[in-house]
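Written below as structure tokens is the structure these notes are about.
The values are calculated or read from the model by the stated rules, or taken from the named source; none is laboratory data. Just so it is clear, the structure is predicted and the values come from calculations on it, not from any experiment. Cβ placement follows ideal geometry from the backbone for every residue including glycine, while neighbour counts extend to all protein chains displayed.
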Amino acid sequence: MNLEGNRYLFEGGIDPLELCEKYDCPLYVYDTNIMKRQYKRLIDAFKVKKIKINYACKALTNLSVLKFFKRLGSGLDTVSIQEVRLGLQVGFKPEDIIYTPNCVSLEEIKMAVEYGVKINIDNISILEQFGQELKNVPVCIRINPHIMAGGSAKISVGHIDSKFGISFHQMPLVKRVVEATGLKVEGIHMHTGSDIMDSEVFLMGAEILFNTAKDFPDLQYIDFGSGFKVPYKPNDISTDIEDLGEKISARFNAFCEEYGRDLTLMFEPGKFLVSESGYFFVKVNVVKQTLSTVFAGVDSGLNHLIRPMFYNSYHRIENVSKPTAKPRIYTVVGYICETDTFGVNRKINEVQEGDILCFYNAGAYCYSMSSNYNSRFRPAEVMIFEGKDYLIRERDTMEDLVKKQVEMNFDTVEV
Ligand SMILES: *Cc1c(COP(=O)(O)O)cnc(C)c1O
């Protein structure tokens, strides 16, 4: 979405204010142009013989988004059996889905085996059980390279005390399990966390993967996970994917030479592919002044966009109704009956009740983390494709709030 003259427009001349009229607020809008741009950037950045991008669909699981990535040629990274089923439902081939769960039961892993998807195992206990029962099914092993990366403790998953992955110090034990069971290891994987700022950190992890990989002769792929940081405001730092691509490609190609075979380089980004494609539009219900603060209270809250409250994430906020008004300082809050602050002391063009505000970077971990807290409806979702808007999820209704409930009847009994 760009400011053109005195109004904001999506590509193809779509006016966000008209979308808010047509579909009502609050509203999630996803621009497929940006998803495609990000996918192409990744594909172009890595100069290797074989590359596969698996979209980490927990970021945004709408079926139409999954279908769009399938059409681009992407695979799918899934973390639950339900995500596997969503992928299969929209037509991903099983071999284009990788299942990377954490702390799930062997039963669930066996279901994934039944579906024929790639299996990524992240602890030795399961590896051993898996090897005893299913030694003919090739697996990928998730390594924990023990590097502290990621924007906050909640999203750093590769450090020494993390619950994710098998410590690379335990590789001797892994090798013994593999030998004893006859398992075939087809992939080596790491995922160190979200919002990695520094290519060097990523490269350190990569070296550990290469070092581990050389001991497994049956590899088909090495999966470097994700964690690419995207910009949250103009001039914000972000992962320099082109620079990283050059460095990783050179190392990867050299490794394949040493290894004696061309392997597939895999990545599984969520945020990088969809974060910037998403816009969340809300309406200002109340402008309220206290002694020290001017609040803009909007028709949404932590039920629709929890990242600011949960991770302390920054989402840029603009008043799309007043592109040319003078900025003032606001604290933007939600309508949920507890503190749900979206942003403190933000410079936003002078806000009047009824104005539409836009939250940027609303593609990843926004709708997919939404809830019905306070018995509110989850918003509708709209996709922009080739200059047209398409409704890809209806807003909830009263029916949705109660449809799974089973009501007791107390009318005929004493309580
Ligand atoms: C969440 C997750 C990802 C995606 O992380 P982003 O920061 O959104 O790119 C990739 N791989 C695994 C295993 C994950 O759990």
*What about Ile124, is it crowded, with 18+ Cβ neighbours inside 10 Å and touching a helix residue (DSSP H, G or I) at 6+ places or on another chain (Cβ under 9 Å)?*
no
*For Gly75, work out the one condition from (1) more than 18 Å from Cys140 (Cβ to Cβ); (2) under 16 Å from the mean Cα position of the chain (by Cα); (3) within 16 Å of the ligand (Cβ to nearest atom) it doesn't fulfil.*
(1)
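What do you reckon, is Gly75 buried (at least 16 other Cβ atoms within 10 Å of the Cβ), among the small types (Gly, Ala, Ser) and under 30 Å from Leu127 (Cα atoms)? Even if it seems obvious, please write down each step before you answer.
Values: buried (at least 16 other Cβ atoms within 10 Å of the Cβ): yes; among the small types (Gly, Ala, Ser): yes; under 30 Å from Leu127 (Cα atoms): yes.
Yes.
Looking only at residues in the stretch 207-247 that are under 30 Å from Tyr360 (Cα atoms) and in a helix (DSSP H, G or I), which one is farthest from the ligand (Cβ to nearest atom)?
Only one residue fits best here, namely Glu246.
I'd like to check something: does the stretch 221-232 contain any residue that is at pLDDT 95 or above and either touching a Lys or Arg at 6+ places or on another chain (Cβ under 8 Å) or not assigned by TED's automatic domain parsing to the domain that holds Leu134 (or both)?
Yes, that holds for at least one residue.
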*asked:* Yes or no: the stretch 190-199 includes at least one residue that is at pLDDT 95 or above, within 15 Å of the ligand (Cβ to nearest atom), assigned to a loop (DSSP other than H, G, I, E, B) and surrounded by 22 or more Cβ atoms within 10 Å (Cβ to Cβ).
replied: no
*Check the stretch 103-126 and report whether any residue there is of a type in the set (Ser, Thr, Tyr), in a loop (DSSP other than H, G, I, E, B) and in contact (Cβ under 8 Å) with a residue 24 or more places away in the chain.*
no
*Which strands (runs of 3 or more DSSP E) does the stretch 1-97 wholly contain that include 2 or more residues that are at pLDDT 95 or above?*
7-9, 27-31, 50-56, 75-78
_Subset tally (residues that are touching a helix residue (DSSP H, G or I) at 6+ places or on another chain (Cβ under 8 Å), within 16 Å of the ligand (Cβ to nearest atom) and of a type in the set (Ser, Thr, Tyr)) for the stretch 89-120_ = 1
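On the given criteria, is Val287 in contact (Cβ under 8 Å) with a residue 12 or more places away in the chain and surrounded by fewer than 18 Cβ atoms within 10 Å (Cβ to Cβ)? Lay out the reasoning, then the answer.
Values: in contact (Cβ under 8 Å) with a residue 12 or more places away in the chain: yes; surrounded by fewer than 18 Cβ atoms within 10 Å (Cβ to Cβ): yes.
Yes: the conditions hold for Val287.
Residue-by-condition table, conditions (1) buried (at least 19 other Cβ atoms within 10 Å of the Cβ); (2) more than 20 Å from the chain's Cα centre (by Cα):
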position	(1), (2)
Ile166	yes, yes
His169	no, yes
Val174	yes, yes
Ile188	yes, yes
Glu207	no, yes
Thr212	yes, yes
Pro231	no, no
Asp236	no, no
Ala254	no, yes
*Mind checking which residues of the stretch 21-31 are crowded, with 21+ Cβ neighbours inside 10 Å and either among the basic types (Lys, Arg) or closer than 23 Å to Gly301 by Cβ (or both)?*
Pro26, Leu27, Tyr28, Val29, Tyr30
_With the structure loaded, tell me whether Met309 is assigned by TED's automatic domain parsing to the domain that holds Val287, within 25 Å of the chain's Cα centre (by Cα) and either surrounded by fewer than 19 Cβ atoms within 10 Å (Cβ to Cβ) or on the phi > 0 side of the Ramachandran plot (or both) or whether it fails that test._
yes
